[in-house]
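Here is the structure we will look at.
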Amino acid sequence: MCGIVGYTGPKNIRDVLIDGLKRLDYRGYDSAGVGVRKEDEIYLQKKKGRIEDLSKEDIPEGKAGIGHTRWATHGKPSDENAHPFVDCRGEIAIVHNGIIDNFNSIKDELIDKGHEFSSETDSEVIVHLLEENNDGDLLEAFKKTVTKISGSYAILALRRDSSELLVTRNQSPMVVGIGEDENLVASDAPALLEHTKNVKYLQDGDIARITGDEIDIWNEDDQLIERKTKKIEWDLEDAEKGGYEHFMLKEIFEQPKAIHESILGRLTNFDEFDLSKYDPNAIQFIACGTSAHAGFVGKYIFEKIAKIPCTLEFSSEYRHSSPSESYPLTILLSQSGETLDTMAAAREANQRGNDTLAITNVLDSSITREVDEVMYTQAGPEIGVAATKTFTTQVVMLYLLAIEMGIKRNVLSKDQADKYRDELRRLPRKVESILNDKEKIRDMTESLAKAEDIFFVGRNINYPVALEGALKLKEIAYIHAAGYPAGELKHGPFALLTENTPVIAIAVKDETFDKMLGNIGEIAARDSPVIVVGDKDKELEKLADDAYFIPDVPPLFSPLLVNVVLQLISYYTAYRLDRDIDKPRNLAKSVTVE
Ligand code: AGP
């Protein structure tokens, strides 16, 4: 949460900062601000609201600058609480992402020493602490300041007397972009793509001093070290809307390609890591939000294909559960690889002696350093706050992994494995055919946009998809929605059904189909409008008020197709309500607070 960008070099600073921030605003959009070094002064502009609310033309030319887009944690969104913050003498400005846990006691001490604070944030203590520790060598003061604060942070500092930037991180991402006669820093790669694809990923405890032609990095033991230069595989176009009205729609439409790229190579030769090292008797999926729903689908996939009992736990709850006697394989799913709860869960799983595997979309993200093995989804950058293509590719990874495990455990024949692989190969085409029906799906949302409550029901492997459908609708359309196993409605939620409560029922022809038909009949008998998403069937047509039938697919592979329909349903419902689809209120793309 919170986007940070910094630049030192000859380019027009206002373009670099503002364009960079715009590429990061999915990380938070409560306020925005910039600080620019101009003729030994620090120019500041910061405002509650979006980056577009800053007045770009007032930002002066300068050789170094920092920018911030905020997701509020301490202190409400306001001009005063917007970053950057400057010290009392106006010599240093900082931007911060994360939470400083011990800020209260530091603030009290600093106030006693005469420092004046202008905000309610935890972040502002950093700049006053820097000022307090600064006896002429700001780098040393920076290093000292870091030892005094605890919590999660990425901090970027600008000074008025030189064009160097100082940066550090702990449990919050920071990437240094390497240019020619210029260098950059940002909390996420998309902000750098316009300038460079060569980057260094800072690690926890690193402190870097960045000038136009030098990058010096000290590790947590204060040793000057080299961090490897890596190449970002994403292109600038991947991080742009490319003619779509919203990133979310673009990302929904990128799913055929994302599936294809995620299975490419892995279907014929799975050499991601040495699977034979692992023969778990149980698998534990751990994640948050949409990634948790992908893990929940994974539970059904692994139980069916690899015959391994599985559980799903939310990252934020895992640490409070009791360790079991067995040592399962723990699979942590995180699009960003930065979700703090999931990072903490990874550490806990390691401590409990489990083998750990992370599935993430972001190269070198923090979680990759916490686990034994990593698998990367090849979804490309996901900018819309609502996760779409990364859910799909996470689930694709789980199919791939389950097939490999099924073979290794001798519970899956080669023939059956090949059939499953063929199904994966066919998925992009089938998703494409759903996308071609977008107008039809859009038309189904007219009545949904008028509803105040919507239920999503599914059974078996599509129960998690019902949960995901409900999450997506809540998140972007701001309509209350709840996902249930279809058989559970009659145990309570039925009391809420009226002719104004639409129910979206997922009905595919697996062993639960007849029961699902019964459930839909029960719902229809309460006069609730039923919208069916599933396999074509005459009986369903009779029962449903509206229906979308997915292309032919074995039930085991139906979740991805059903989910694409639900993504479009959420998108068009939110569109009708004129919601801020890519940046829904109160949310941020990666959640780096607990
Ligand atoms: C999904 O639409 C949400 N924005 C959210 O639930 C998200 O999936 C969750 O915060 C987990 O993020 P991660 O995958 O980056 O860990």
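Points worth noting:
- Within segment 174-209, if we keep just the residues that are more than 26 Å from GLU240 (Cβ to Cβ) and not acidic (Asp, Glu), the residue that is farthest from the chain's Cα centre (by Cα) turns out to be ARG209.
- The residue pairs whose first member lies in segment 206-225 and is under 19 Å from ALA154 (Cα atoms), whose second member is modelled with pLDDT of 95 or more and open to solvent by 90 Å² or more (accessible area, probe 1.4 Å), and whose beta carbons are closer than 6 Å, counting only pairs six or more residues apart or on different chains, are TRP218/LEU224.
- Given (1) within 19 Å of the chain's Cα centre (by Cα); (2) more than 16 Å from the ligand (Cβ to nearest atom); (3) at pLDDT below 95, index of the condition LEU264 fails: (1)
- Subset of segment 322-331 (residues that are surrounded by 12 or more Cβ atoms within 10 Å (Cβ to Cβ) and more than 22 Å from LYS307 (Cβ to Cβ)): PRO323
- Within segment 445-476, considering residues that are aliphatic (A, V, I, L, M) and touching a Ser or Thr at 6+ places or on another chain (Cβ under 8 Å), the one farthest from LYS389 (Cα to Cα): ALA451
- Just one of the listed residues (SER321, SER366) is touching an Asp or Glu at 6+ places or on another chain (Cβ under 7 Å), without any contact (Cβ under 8 Å) to a residue 24 or more places away in the chain and farther than 30 Å from PRO555 by Cα, namely SER321.
- Taking the numbered list (1) in contact (Cβ under 8 Å) with a residue 60 or more places away in the chain; (2) of a type in the set (D, E, K, R); (3) open to solvent by 10 Å² or more (accessible area, probe 1.4 Å) in turn, GLU468 passes all entries but (3).
- Contact map, segment 33-58: first residue over 16 Å from VAL5 (Cα atoms), second residue part of a strand (DSSP E or B) and open to solvent by 60 Å² or more (accessible area, probe 1.4 Å), Cβ cut-off under 6 Å, separation 6 or more or different chains; pairs are ASP53/LYS47.
- All positions within segment 141-187 that are under 20 Å from LYS228 (Cα atoms) and among the charged types (D, E, K, R): ARG169, GLU180, ASP181, GLU182
- Condition broken by ALA292, with the remaining ones in (1) within 15 Å of the ligand (Cβ to nearest atom); (2) closer than 25 Å to ARG429 by Cβ satisfied: (2)
- Top-ranked residue in segment 363-398 [being surrounded by 24 or more Cβ atoms within 10 Å (Cβ to Cβ) and among the charged types (D, E, K, R); ranked as nearest to the ligand (Cβ to nearest atom)]: GLU382
- Filtering ARG579, ARG585 for residues that are within 16 Å of the ligand (Cβ to nearest atom) and under 25 Å from SER315 (Cα atoms) leaves a single hit, ARG585.
- Among the residues of segment 446-465, those that are closer than 18 Å to ALA574 by Cβ and in a helix (DSSP H, G or I) comprise LEU448, ALA449, LYS450.
- Taking the criterion of being among the aromatic types (Phe, Trp, Tyr), open to solvent by less than 20 Å² (accessible area, probe 1.4 Å) and away from the ligand (no atom under 16 Å from the Cβ), the only residue of segment 295-321 that qualifies is PHE302.
- Counting residues in segment 63-82 that are assigned to a loop (DSSP other than H, G, I, E, B) and farther than 23 Å from CYS2 by Cα gives one or more.
- Scanning segment 313-334 for residues that are under 21 Å from ILE99 (Cβ atoms) and of a type outside the set (Phe, Trp, Tyr) yields SER315, SER316, GLU317, ARG319, HIS320, SER334.
- In the condition set (1) closer than 25 Å to LEU24 by Cβ; (2) open to solvent by less than 10 Å² (accessible area, probe 1.4 Å); (3) touching a Lys or Arg at 6+ places or on another chain (Cβ under 8 Å), THR229 is compliant with all but (2).
The values are calculated or read from the model by the stated rules, or taken from the named source; none is laboratory data. Every value quoted in this text rests on a predicted model; they were computed, and no experiment measured them. No Cβ is skipped: glycine too gets one built from the backbone with ideal geometry, and neighbour counts run over all protein chains shown. Just so you know, the surface numbers come from the protein's heavy atoms only, side chains and all, with ligands and any DNA or RNA stripped out. Shrake-Rupley method; radii C 1.70, N 1.55, O 1.52, S 1.80 Å.
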